[in-house]
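Where a number appears in this text, it was derived from the coordinates with a stated rule and is not lab data. For clarity, every value in this text was computed on a predicted model and none was experimentally measured. When we count neighbours, we look across all protein chains shown, and the Cβ atoms used for this are built from the backbone with ideal geometry, even at glycine.
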Amino acid sequence: MGMIISIVNQKGGVGKTTTAVNIASYLAHLGKHVLLVDIDPQANATSGLGIDHKNLEAGIYEALIGLREIGSVLKRTVQDRLTIAPSTISLAGAGIELVSIDNRESRLSALLETVRHDYDFIIIDGPPSLGLLTINSLVAADQILIPVQSEYYALEGLSQLLNTINLVQNHLKPSLGILGAVITMYDKRNRLSESVMNELYQYFPNRIFRSIIPRSVKLAESPSFGRSILHYDPKSKGGRAYEKLALELLHATK
């Protein structure tokens with residue numbers, strides 16, 4: 001049975017999708033069979049792996065609302081052992097449509113259980129919000145990974161996210177765990193980054209990954225080429241950081 005990890009943060013621009021895409025890519029590179037699930041209507045994870053979401057016949061939206069089986073919407077990527085459940089523009093209305101559907105918080109969970117045995121890891125890239133799509137990503141997950149940008153404003157709202165996770169644990173998924181936080185967009189020249197790191201340890205004592213993702217031009221460029229950093233510039237600082245993070249994650253999930 002594959003482990004399902006949801007990468008969540010309701011704040012945009014913190015490296016959530018970059019983390020989802022590159023962890024999935026490096027886990028596949030390390031020999032694991034990986035499914036990346038893009039349930040962000042912006043479809044950045046989909047396009048970041050070179051798939052034109054605008055021309056897809058169907059995606060995760062159709063599976064969520066019951067129009068398609070999830071297996072029929074999965075797409076192979078150019079990388080061996082890495083598959084994606086793509087997002088399309090149709091997903092933008094799913095938060096409203098799900099309101100009137102039975103078991104609306106666990107639709108994604110039910111879908112992923114049908115394919116879980118095919119993968120070692122399922123990585124979910126959720127939207128930058130705390131709506132129904134994010135709730136679905138939490139209920140579907142075994143563990144949560146929270147990317148946190150090393151800036152002051154990134155800490156605002158973290159309490160709200162942790163409160164939402166606590167509510168899901170109490171009412172919908174008691175077994176949901178928190179793998180921890182990963183610091184992204186870190187700039188060692190910025191004293192504020194050090195201050196934010198120290199404050200983060202109060203939120204996540206003993207649960208902050210040692211691998212720190214730096215600010216990197218190469219990381220910012222790679223999605224425009226439809227590639228993970230592994231296939232764009234693996235020797236860059238960002239590439240080495242995500243490789244270390246994937247190895248650390250493997251160790252943490254044994």
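A few comments on the model shown:
- Expressed per residue, the C-alpha convex hull volume of the stretch 1-46 stands at 76 Å³.
- Cβ-Cβ distance of LEU67 and SER224, R₀ of 51 Å, FRET efficiency by 1/(1 + (r/R0)^6): the value works out to about 0.95.
- Most mobile listed residue (SER109, SER137, SER25) in the chain, GNM with C-alpha springs under 10 Å: SER109
- Within straight-line cross-link reach of LYS75, lysines at Cα separation under 22 Å, skipping those fewer than 8 residues along the same chain: LYS16, LYS32, LYS54
- Taking the fewest neighbouring Cβ atoms within 10 Å as the starting point, the ordered list for ARG189, ARG207, ARG76 is ARG189, ARG76, ARG207.
- Largest mean-square fluctuation among GLY238, GLY50, GLY59, in a Gaussian network model of the chain whose springs join Cα atoms under 10 Å apart, belongs to GLY50.
- With the simple spin-label model, which puts each label point 7 Å out from Cα in the Cβ direction, the ILE101 to ASN170 separation comes to 2.7 nm.
- Size of the stretch 185-246: Rg and Dmax of its alpha carbons, in Å, are 13.3, 38.
- Rounded if a/c under 1.5, otherwise prolate or oblate - the stretch 3-252, Cα gyration tensor axes: oblate
- Centroid-to-centroid, using Cα positions, the stretch 102-167 and the stretch 204-245 are 21 Å apart.
- Relative contact order (%) - criterion: Cα under 8 Å, at least six apart; region: the stretch 3-252: 26 percent
- Most mobile listed residue (ASN166, ASN55, ASN103) in the chain, GNM with C-alpha springs under 10 Å: ASN55
- Only helices enter the 222 nm calculation for the chain: every DSSP H run of n ≥ 4 contributes -39,500 (n - 2.57), and dividing by all residues gives -11000 deg cm²/dmol, rounded to 500.
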